[in-house]
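This report refers to the structure that appears directly beneath it.
Readers should treat all values here as calculations from the given coordinates under stated rules, not as data from a laboratory. Just so we're clear, the structure is a prediction, and the values are computed from it rather than from any experiment. Backbone-built Cβ (ideal geometry, glycine too); neighbour counts: all protein chains shown.
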Amino acid sequence: MTPFRERNPVLVGALGLALILAALLGAFQLDRLAALTGRTYQAAFHDASGLATGNEVRVAGVRVGAVTGVELAPGAQPYVRVRFRVDDDGVRLGRDTGATIRIKTVLGQKYLALSPAGPGKLAEDGQIPLARTAAPFDVVQAVTGLADTLDKVDTDQLAQAFDTLSQTFADTPASVTTSLTGLSRLSRTVASRDAELRTLLARARDVTGVLAERDAEFRKLVADGEQLLAEVSRRRDAIHRLLVGTSDLSVQLSGLVADNRAQLEPALRKLREVVAILQRNRDDLEQTIRRMGPFLTAFANVVGNGRWFDSYVDGLLQPYLPTTGGR
């Protein structure tokens, strides 16, 4: 066998690059690889309710797969056909299994919830019928639709219609007259608050739109909050011990002060007197410190060469004066 160091380096490099590319492609295609091993099923719904391809499939709140397709099934009575995949081999779906589209986040993201039930086993690529499926009520769509509908309502004509009905049924029994009168007052109230209601619904629609645009950031915020709470939960015992230790320390300090009050009180009183004296002589202390500066500088120069003092005596000897001839 040819030693590795004696092989063609170009061929070895090409094979290494090929293996790295294959590993990268496999990492980016994990979902498709899972689709080759998972089991596929279908579910029929009257309304897709915002469910989209790639949304999670859950059983008892645990993710077990993903939605692979959402399409309109043709026929005399069209319905929505949802295709999904289950990757967990431990999940057994009986013949009476039900499916529900549920809301995952407050911003309207959905997931498909399965409720395994019944004997036997749901056939591969089998379909859960409409009788065992349900879709949620979408509040965001309802608010948006209400705003659009209210924009098209002529509140003045509505109030006039209720007034006409009230006058028409004037001779009817008192209960009917009272009901219609109440409806007339309600219509007038709605008409008087028409501008406020339109503004409120328009702003609600804007808020839901902004939240929908920031769905990723909001989900990340919620995920970070969950991680923080999980970390606090994991450190619960340590935090509890810290709080208990702090409480014990405060008790011990209180006891120490109480036991030594007789000794501490005179010391604190004397310390207070010393501080008062220093406060009264603050100007003198500042002047002393300022005047000590040059002395300390000169003293440091004197002893700057170790244990010897550098000094000189001025005027100990008379200076030498040379004499000139003739004097």
(message) Compute, for region 38-136, the length of the dipole vector about the Cα centre, with Cβ point charges of +1 (Lys, Arg) and -1 (Asp, Glu) only. Units Debye, rounded to 20.
(response) 160
(request) Evaluate E = 1/(1 + (r/R0)^6) for Ala117 and Ala204, where r is the Cβ-Cβ distance and R0 equals 35 Å; express this FRET efficiency to the nearest 0.05. (result) 0.35
(message) Projecting each Cα onto the charge dipole of region 188-236 (Lys/Arg +1, Asp/Glu -1 at the beta carbon, about the Cα centre), which of Leu201, Ala223, Ala191 comes out farthest on the positive side?
(response) Ala191
(request) State, to one decimal in nm, how far the label point of Thr53 lies from the label point of His240, with both points 7 Å from Cα in the Cβ direction. (result) 5.1
(message) Counting pairwise Cα distances across region 235-290, what percent come out greater than 20 angstrom?
(response) 58
(message) Per residue of region 49-58, what does 6.51 cos²θ - 1.76 cosθ + 1.60 with θ = phi - 60° give for ³J(HN,Hα)? Whole Hz please, x for Gly and Pro, Karplus curve as stated.
(response) 6, x, 5, 9, 4, x, 5, 6, 10, 10
(request) Report ³J(HN,Hα) in whole Hz for each residue of region 77-86, in order, from the Karplus equation J = 6.51 cos²θ - 1.76 cosθ + 1.60 where θ = phi - 60°; Gly and Pro get x. (result) 10, x, 9, 9, 9, 10, 9, 9, 10, 10
(message) Using 0.36 nm times the number of residues separating Gln287 and Glu217, minus their current alpha carbon distance, what extension gain do you get?
(response) 18.9 nm
(request) For region 38-136, report the translational diffusion coefficient in µm²/s to the nearest whole number, using Stokes-Einstein at 37 °C, 0.692 mPa s, and a Kirkwood Rh over Cα pairs. (result) 247
